[in-house]
Every structure is written in C-alpha cells, then in structure tokens.
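Accompanying notes for the structure given below.
What follows draws every value from the coordinates through simple rules; no lab data is involved. Given the structure is predicted, the values throughout are model-derived calculations rather than measurements. Here the Cβ is made from the backbone with ideal geometry for all residues, glycine too, and neighbour counts use every protein chain on show.
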Amino acid sequence: MIRTEDIRVTFGGVVAIDRLTMDYDGSICGLIGPNGAGKTTLLNVLSGFVTPTSGSLFVDGADQAGRGPALRAKSGIRRTFQTDLVVDELTVWDNVLIAAEHTGGRGAASDVNAVLQLVGLDAHRDRRVGSLDTFERRLVEVARGSVGRPTHILMDEPGGGLGASESARLAELIISIRDELDAQIVLVDHDVELIAATCDQTACLDFGQLIAHGPTAAVLASDEVKAAYLGSIDSGEETV
Ligand SMILES: Nc1ncnc2c1ncn2[C@@H]1O[C@H](COP(=O)(O)OP(=O)(O)OP(=O)(O)O)[C@@H](O)[C@H]1O
Ligand SMILES: [Mg+2]
C-alpha cells in the first residue's frame, strides 16, 4: 500500500507533481498520462531519487521521509528505469547479480536463478546483454527490478517499443511476478493494452495533477482521460 499526501515536486519554475494525494492499494497499479505529465517524477519520489518539495509518502504505513534510494531498495522498494541500466558487456547473469547485491545480497545466487526462471531468461544466463534483442533486454531490466524479494516494484515503461505479441507476453509476466513474489507493482506505460490487461486500478496524471484514479476500465473510459491523453494517442500525436 502506497500513500502520497499532498506531494509537490518543482524543478525551477516547472511543477512536475502538483499536490498529489492518492492511495495505491491495488496489486498492480497503473500510472498513465501524456509526455511530461510527471509519471517518472512520481516513480522517482516513490523510490527516493527525488525528494518532494513538500508532502509525505507512506509505504505500508512507514513514513519514507529521510530514506534514500539505497535504503528503500534494501527495504524492498525496487524499480526499473525508462532508459535501462543494463550493461552490454556483462552477461545476463551478472547484470541481475549486481542488482541483487545492491539490495542486500544474502542468498543472491539462488535469487538470481529464481528470477531468471521467472522472466524466462534462464536459458540465456551466460549471454552478453549486448547480443540480446529488445524484448530480451527489457526482460533483463525487469529481472533487475524483481530480484531480492521486493515488496514493491515500480516499472517505468517496460512496454516501450514492444510489438503487440511481446506486450501480451510482458502482461503475462507482470501478472506472474505479482503472483510469485507477492509484490505490489506500479506500472507506468503508454501501452494502454498493457495497462488494461494487468492493472486493477489506474491513475492518470496531466501536468502533474491527478485527473482520474480508480478501477482501470472506468479510468480509461472517463471523459477527462480521453480528453487529456487517450485522444492524442488515437490521433497519433503522442510520442513515446
Ligand atoms: N531533473 C529534472 N530537472 C528539470 N525538470 C525536470 C526534471 N525531471 C523532470 N522534469 C520536468 O518535469 C516534468 C515531468 O517530467 P516526467 O519525466 O516526470 O514526465 P513523464 O510523465 O515521465 O513523461 P514521459 O511520458 O515522456 O516519460 C516535465 O516537464 C519535465 O521536463
Ligand atoms: Mg517518463
């Protein structure tokens, strides 16, 4: 359970998050909105990479004030990045092991094995990441965010640049990560099919403001969300 209370983030004159009060209590929670809406900024706040200008954040009831990204990762709040942090020269195994070691390390090797099996990369464990295709590489980033028995996994556009069949496989994977690890997942994506297939609740940001939040089907059908976001995707104006 993630609770934000009156969170505000400003960068110079830009208000990236505008007084956000929200409870994320679903098991897979979507976060959508146009480019620049504040989605990555909110993940940065949840994972401790950005300190809000004001407001409070509670994760499973614990106030996160003063807790930096390393401490949050160790306590189970993990993430993937919109621009992945995988290292081309290293193997799949080493990329995931590094993430495991950063988040506590005990029993890391067996954790790495389990997570590679979960994402379907166990047969590729000794390949250099630079030799993988886009989807396999994305799976490595997802594995890095899922290793180390996380309680919460924040995913920033794991579906970006994937085709429809890969997106459907990713949806199945996200659901099995939730089920196998019993972790709460926050999923940012422009892939509305992926959001609809996985998220039990979804929030929509626009210019840093929460314009809708609730059951995913209702949010995707709401006039505010269509006007602010989905209309621009339908007309092809949205860029990822
Ligand atoms: N470090 C930063 N310094 C200055 N401005 C920033 C910084 N990070 C984000 N912003 C600004 O904050 C706003 C929100 O950006 P953010 O990256 O959170 O959007 P987003 O919803 O993730 O967009 P996208 O869908 O394109 O990834 C934008 O106006 C962006 O330019
Ligand atoms: Mg972003």
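Once every Cα of the chain carries one equal point scatterer and solvent is ignored, give the base-10 log of I(q)/I(0) from the Debye formula at q = 0.14, 0.18 Å⁻¹, two decimals.
So the normalised log intensities work out to -0.89, -1.41.
Looking at segment 65-171 from every direction and averaging, what is the projected area of its Cα convex hull in nm²?
Details: hull surface 26.7 nm².
About 6.7 nm², averaged over all directions.
Normalise the Cα radius of gyration of segment 128-194 by 2.2 N^0.38 Å (N = residues in it) and let me know the number. Present the calculation step by step, with values, prior to reporting the outcome.
Numbers: Rg = 11.6 Å, N = 67, 2.2 N^0.38 = 10.9 Å.
Against the compact-globule rule of thumb, the ratio is 1.07.
Give me a comma-separated list of calculated 3J(HN,Hα) values for segment 34-47, in order, Karplus coefficients 6.51, -1.76, 1.60 applied at θ = phi - 60°, integers in Hz, x for any Gly or Pro.
x, 3, x, 5, x, 5, 5, 4, 5, 4, 5, 5, 5, 8
Only Cα pairs under 8 Å and at least 6 apart count here; give the relative contact order of the chain as a rounded whole percent.
Numbers: 458 pairs, mean separation 62.6, N = 240.
Computed value for the chain: 26 percent relative contact order.
Relative contact order of segment 133-202, please, whole-number percent, based on alpha carbon pairs below 8 angstrom and at least 6 residues apart. Each step should come with its number before you reach the end.
Working: 68 pairs, mean separation 25.5, N = 70.
About 36 percent, as a whole number.
Computed over the Cα atoms, what is the radius of gyration of segment 68-114 divided by 2.2 N^0.38 Å, N being its residue count? Can you show the working numbers first?
On the way: Rg = 11.1 Å, N = 47, 2.2 N^0.38 = 9.5 Å.
It is 1.17.
Tell me the Rg and the Dmax, in Å, that the Cα atoms of segment 13-64 produce.
Looking at segment 13-64, its Cα Rg and Dmax stand at 11.4, 35 Å.
Summing -39500 (n - 2.57) over the DSSP H runs of n ≥ 4 in the chain and dividing by its residue number, what mean residue ellipticity at 222 nm do you reach, to the nearest 500 deg cm²/dmol? Provide the component values of the computation, followed by the final result.
On the way: 9 runs with 86 residues, N = 240.
-10500 deg cm²/dmol, from helical runs alone.
Based on DSSP, what percent of beta bridges with both residues in the chain are antiparallel, to the nearest 5?
Details: 21 of 37 bridges.
Antiparallel: roughly 55 percent of the beta bridges in the chain.
Using the alpha carbon gyration tensor of segment 32-115, what are the three equivalent-ellipsoid semi-axes (square root of 5 times each eigenvalue), largest first, in whole Å? All intermediate terms of the calculation are to be shown ahead of the outcome.
Values: eigenvalues 140, 64, 19 Å².
In descending order the semi-axes read 26, 18, 10 Å.
Please identify every one of the GluC sites (Glu not before Pro) in segment 125-220 that sits in a loop by DSSP and has no more than 14 other beta carbons within 10 Å of its own beta carbon. Mind showing how you got there, number by number?
Working: sites: Glu136, Glu141, Glu166, Glu172, Glu180, Glu193; in loops: none.
Qualifying residues, ordered by number: none.
Given segment 115-240, report the % of alpha carbon pairs whose separation exceeds 18 Å. Don't skip to the end; give the middle numbers.
Details: 4410 of 7875 pairs.
Pairs farther apart than 18 Å: 56 percent.
Under a GNM of the chain (C-alpha, springs under 10 Å), which listed residue has the highest mean-square fluctuation: Ala109, Ala183, Ala171?
With Cα springs under 10 Å in the chain, the top fluctuation among Ala109, Ala183, Ala171 is at Ala109.
Roughly how far apart, in whole Å, are the Cα centres of segment 15-48 and segment 52-70?
The two parts, judged by their Cα centres, are 14 Å apart.
Write down Rg/Rh for segment 170-215, rounded to two decimals, with Rg from the C-alpha atoms and Rh from the Kirkwood relation over Cα pairs. Spell out each step's value before the answer.
Details: Rg = 11.6 Å, Rh = 11.6 Å.
Ratio of gyration radius to Kirkwood radius: 1.01.
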